[in-house]
Amino acid sequence: MNKLLDGYCRLLDGVMALLLAVMVVLVFGNVVMRYAFNSGITVSEEVSRWMFVWLTFLGAIVAMKEHGHLGSDMLVSRLPMWGKKACLVAGHLLMLWITWLLLSGSWQQAQINWEVEAPVTGASVAIFYGAGIVFAVSAGVLLLRELWLGLSGQLSEKDLVMVRESEEAGELEALQAELARENQQAPTQGSTKP
């Protein structure tokens with residue numbers, strides 16, 4: 001399952017890179033065309049807006065898989081093992097409920113707007129809401145997997161705290177652990193008996 005999820009996230013990374021490249025070409029090309037040639041790329045604004053929405057939602061999937069979203073671990077990190085597990089279950093159940101709301105709302109909006117045409121491209125406006133559907137399905141799978149790992153005892157105590165206050169806090173913890181290791185090794189290396 002890990003290989004499948006890693007491959008899926010690599011695919012999403014590639015799609016996001018492609019979307020970003022096309023957005024840059026469309027927006028920059030439109031600016032150059034307007035100032036240099038007094039014309040422009042008509043679909044540039046509409047398509048780049050849709051790409052930005054898709055880029056955001058796809059990036060959120062990858063960040064969720066890598067636990068890249070920021071959160072508050074001030075309370076959870078101080079709890080005993082059973083408390084961390086209870087918080088993990090409660091948090092994942094709440095996130096699954098919110099994911100369900102996002103999925104059902106995006107699905108309804110996609111159905112409502114299926115035959116509505118965008119003003120410039122004439123494409124279905126449902127494309128816009130498809131990003132919410134893809135995110136909700138992907139996030140739901142990731143959340144269910146992590147919930148199962150937590151309930152089945154396959155996560156270590158450290159892995160039960162899935163968010164960090166900030167990147168700096170993680171770096172500080174790593175530096176403190178390294179200093180503690182060095183301090184433990186230093187007295188044994190420098191001690192000599194007379």
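The values are calculated or read from the model by the stated rules, or taken from the named source; none is laboratory data. All values reported here derive from a predicted model rather than from experimental measurement. For neighbour counting, all protein chains shown are included, and Cβ atoms are generated from backbone atoms with ideal geometry for every residue, glycine included.
Odds and ends about this structure:
- Meets criteria (under 19 Å from the mean Cα position of the chain (by Cα), surrounded by 11 or more Cβ atoms within 10 Å (Cβ to Cβ) and without any contact (Cβ under 8 Å) to a residue 12 or more places away in the chain) for LEU4: no
- Residue match in region 23-43 (condition: closer than 18 Å to VAL125 by Cβ and either in contact with a Ser or Thr (Cβ under 8 Å, 6 or more places away or on another chain) or free of Cβ contacts under 8 Å to residues at least 24 places away in the same chain (or both)): yes
- Checked against the criterion of being basic (Lys, Arg), at pLDDT 85 or above and either surrounded by 18 or more Cβ atoms within 10 Å (Cβ to Cβ) or out of contact with any strand residue (DSSP E or B) (no Cβ under 9 Å at 6 or more places or on another chain) (or both), region 127-148 has at least one qualifying residue.
- Residue match in region 89-106 (condition: more than 17 Å from the chain's Cα centre (by Cα), in contact (Cβ under 8 Å) with a residue 60 or more places away in the chain and more than 30 Å from VAL125 (Cβ to Cβ)): yes
- Of all residues in region 53-85, those being closer than 19 Å to ARG145 by Cβ, modelled with pLDDT under 85 and part of a helix (DSSP H, G or I) number 2.
- The set of residues in region 111-126 being touching a residue at least 12 places away in the same chain (Cβ under 8 Å), surrounded by 16 or more Cβ atoms within 10 Å (Cβ to Cβ) and closer than 14 Å to TRP50 by Cα consists of ALA118, VAL125, ALA126.
- Residue match in region 63-75 (condition: closer than 22 Å to TYR129 by Cα, among the acidic types (Asp, Glu) and surrounded by 14 or more Cβ atoms within 10 Å (Cβ to Cβ)): no
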